[in-house]
Amino acid sequence: MPLQKGSDIKRICILDDNPLILVTLKRALNAPDYEIFSVSDREEFVKLLEKYSFDLVITDYYLKDSTAEDIRDMLVKKSPGALLMIISGKPLPDNLKMPYIKKPFSINEIREKVAELLSEKEDES
């Protein structure tokens, strides 16, 4: 899961309206190479986007006040280099072209997918 020595710290935001998911993912991704933020709604996420850019945003597809597609649209404007990964227990639109993990998920599955996405992003840089 950790990135190679000498790599910059990767900033990750977790966005989910379920507090248990936020705590679980924050603990699962706790590593020296990651700076983790967690928020439970769109409003909090917008405030973070005003202050920070992110390497990766992990979000539930269906939030109380928006969808992952709304979050993607905000990222394109405010943090264009950020990757978006979806986690959801509900069926997703067929045309969705984003990395996706189905709930319930394993901690190892999340760690591996995050490491894979961040590694691919680093390779593209």
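Each value in this text was obtained by applying a stated rule to the coordinates, not by laboratory testing. Every value quoted in this text rests on a predicted model; they were computed, and no experiment measured them. Glycine gets a Cβ as well: all are built from the backbone with ideal geometry, and neighbour counts include every protein chain shown.
Of note:
- Each principal axis of the Cα atoms in the chain has its own extent, and those three values, largest first, are 39, 31, 28 angstrom.
- Restricting attention to the range 1-91, close to 5% of DSSP beta bridges with both partner residues there are antiparallel.
- For LEU96, LEU22, order by how many other beta-carbon atoms lie within 10 Å, fewest first: LEU96, LEU22
- Applying 1/(1 + (r/R0)^6) with R0 = 30 Å to the Cβ-Cβ distance of LEU20 and SER53 gives a FRET efficiency near 0.65.
- Estimated distance in nm for a label pair at LYS77 and ASP123, the labels positioned 7 Å out from Cα along Cα-to-Cβ: 3.3 nm
- Applying the Karplus relation 6.51 cos²θ - 1.76 cosθ + 1.60 with θ = phi - 60° to the range 105-114 yields 3J(HN,Hα) values of 10, 9, 4, 4, 4, 5, 4, 5, 5, 4 Hz, where x marks Gly and Pro.
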